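Engineer: Next up is a structure, given as structure tokens.
No value in this document is a laboratory result; all are computed from the given coordinates. On a predicted model such as this, the values are computed, not experimentally measured, just so you know. Heads up, the Cβs are rebuilt from the backbone with ideal geometry, glycines too, and the neighbour counts pull from every protein chain shown.
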């Protein structure tokens with residue numbers, strides 16, 4: 001192997017190592033799956049462009065580099081959206097470099113991504129992919145370009161074997177590293193969800209609601225309101241029908257809440273039969289209208305355990321002043337409004 005070939009190989013390995021670290025950070029720092037996939041595509045697409053400027057071999061416009069390795073990783077670990085972003089960036093880089101065989105190079109990238117997508121489908125669901133699965137991905141990375149260039153006589157068998165060896169090793173080593181980072185990030189997200197989710201209803205819990213409150217920006221604080229929702233006579237439901245039926249009533253309330261709250265609002269279980277909703281309202285009258293709409297949606301008959309149960313709720317609410325934005329004070333006012341709704345006969349909304 002020539003010194004230029006060795007230098008290019010080391011350059012590719014170093015880039016994959018950097019991408020592995022960056023991939024782990026993306027997995028941990030970006031909560032939204034769409035943003036993670038887009039970021040993965042950008043990362044690996046830029047890496048594929050970087051290796052094009054340090055090719056293994058270049059003869060009158062022909063070049064061999066490790067771009068397909070990064071594109072295959074984008075497909076394997078980011079899915080379709082990552083692939084499209086990575087290929088778009090890589091194709092732009094290849095067109096900028098130009099050369100005699102630009103079109104075959106672009107077709108090679110598309111073919112590798114299609115093969116990598118097939119590989120990902122076949123190995124999906126495996127907690128840890130086998131060593132031969134990673135070697136298969138390495139072969140996919142090398143195959144299109146090497147076969148074409150060997151058939152045209154542009155490179156020797158020795159150079160092709162060296163390139164194939166680099167792809168097999170990097171796909172095996174760094175594929176497993178990517179997989180490890182992916183599993184670690186998934187475990188962290190699962191733990192975070194478990195710590196912020198009520199296990200019975202699946203709604204955010206008190207901790208998650210407080211995190212939401214603390215994240216509200218100054219602009220949104222100008223129009224925020226708090227509702228407290230409480231199931232009426234819930235103790236009687238537990239006493240007469242049993243706690244299992246009571247749990248199903250709470251689950252039904254949570255499901256309805258999830259279906260009727262607006263995008264950008266949040267509903268959480270605060271404990272027992274009590275739920276809280278943070279929402280945006282333009283003025284006091286709007287707050288009462290939303291509170292009464294939720295009360296009406298939640299107060300209905302539910303078929304639970306073969307029994308037709310009439311469930312009603314009472315709602316207390318208040319606007320949160322933007323100048324102080326004191327959640328504890330707002331909660332005290334909303335709780336007092338809830339008490340008023342209970343005292344006035346239940347199944348009603350009071351907005352203070």
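Engineer: What value, in deg cm²/dmol to 500, does the helix sum -39500 (n - 2.57) over DSSP H runs of n ≥ 4 give at 222 nm once divided by the residues of the chain?
Structural biologist: Using -39500 (n - 2.57) per qualifying helix, the result is -22500 deg cm²/dmol.
Engineer: Dividing the alpha-carbon Rg of segment 234-311 by 2.2 N^0.38 Å yields what?
Structural biologist: 1.20
Engineer: Rounded, prolate or oblate: which fits segment 206-351 when a ≥ b ≥ c are the square roots of the eigenvalues of the alpha-carbon gyration tensor, with rounded for a/c under 1.5 and prolate only if a/b beats b/c?
Structural biologist: Cα axes put segment 206-351 in the prolate bin.
Engineer: In percent, what relative contact order does the chain have, based on Cα pairs under 8 Å that are 6 or more apart in sequence? Kindly include the intermediate steps, with their values, before the conclusion.
Structural biologist: Values: 518 pairs, mean separation 45.4, N = 352.
Rounded, it is 13 percent for the chain.
Engineer: Cα gyration tensor of segment 185-280, axes a ≥ b ≥ c as square roots of the eigenvalues: rounded (a/c below 1.5), prolate (a/b > b/c) or oblate?
Structural biologist: Values: a/c = 2.55, a/b = 1.43, b/c = 1.79.
Verdict is oblate for segment 185-280.
Engineer: Taking the Cα centroid of segment 286-325 and of segment 74-96, what is the distance between the two, rounded to the nearest whole Å?
Structural biologist: 47
Engineer: Can you give me the distance in nm between label points at residue 211 and residue 31, each placed 7 Å from the Cα along the Cα-to-Cβ direction?
Structural biologist: Spacing of the two 7 Å Cα→Cβ label points: 0.5 nm.
Engineer: Can you give the three extents of the C-alpha atoms in the chain along their principal axes, from longest to shortest, in whole Å?
Structural biologist: 90, 47, 27
Engineer: Counting just the Cα atoms, what span does segment 165-222 cover along each of its three principal axes? Round to the nearest Å and put the largest first.
Structural biologist: 60, 33, 11
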